[in-house]
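The values are calculated or read from the model by the stated rules, or taken from the named source; none is laboratory data. Bear in mind that the values here come from a model prediction, so they are computed numbers and not experimental data. Here the Cβ positions follow ideal geometry from the backbone for every residue, glycine too, while neighbour counts run over all protein chains shown. Accessible surface is based on the protein model in full, side chains and every heavy atom, while ligands, DNA and RNA are left aside. Shrake-Rupley method; radii C 1.70, N 1.55, O 1.52, S 1.80 Å.
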Amino acid sequence: AGSVPVREVTYRGGVQFGYLMAELSAYYEAFGYQPAVAEAADHLAVQLNFVAFLKLKQACALIDGDSANASL
C-alpha cells in the first residue's frame, strides 16, 4: 500500500520532463484534444480525460458506421 503519484513525470524514472511533456502534447494535438482543466499534461486527471475523449470519438464513429475510424 502507498500513495499513487498523480503526475506521470514523478512515476517514470529516467525520462526527461521536457521530453515527456512534449510527447503528451503531441498526442493530444494529433487527436484534437484540448484539456479543459488547468493541470499539467501529465496529470492523471488530464490523461483519464484524454482516454475518455478517445472512447467518445470511437463511439461516435461506430454510430456513424465508420468502422475504419472506430478501430483505434
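Pairs are defined by a Cβ separation below 6 Å, a sequence spacing of at least 6 or placement on different chains, a first member in the range 34-53 that is free of Cβ contacts under 8 Å to residues at least 60 places away in the same chain, and a second member that is open to solvent by 80 Å² or more (accessible area, probe 1.4 Å); the pairs so defined are Ala45/Glu39; Val46/Glu39. Checking each residue in the range 1-12 for being surrounded by 13 or more Cβ atoms within 10 Å (Cβ to Cβ) and outside any loop (DSSP other than H, G, I, E, B) picks out Arg7, Glu8, Val9.
Going by what's in this entry, would Val15 be described as open to solvent by 60 Å² or more (accessible area, probe 1.4 Å) and of a type in the set (Val, Ile, Thr)? Break it down stepwise before answering.
Details: open to solvent by 60 Å² or more (accessible area, probe 1.4 Å): no; of a type in the set (Val, Ile, Thr): yes.
Answer is no for this residue.
Selection of the range 59-69 for residues being part of a helix (DSSP H, G or I) and either closer than 17 Å to Leu24 by Cα or open to solvent by 80 Å² or more (accessible area, probe 1.4 Å) (or both) yields Leu62, Ile63, Ser67, Asn69.
Return the residues of the range 19-33 that are part of a helix (DSSP H, G or I) and open to solvent by less than 50 Å² (accessible area, probe 1.4 Å); say none if nothing qualifies. Leu20, Met21, Leu24, Tyr28, listed by residue number. Counting just the residues of the range 34-58 that are in contact with a Leu (Cβ under 8 Å, 6 or more places away or on another chain) and not in a helix (DSSP H, G or I), which one comes out least open to solvent (accessible area, probe 1.4 Å)? Top of the filtered list is Asp42.
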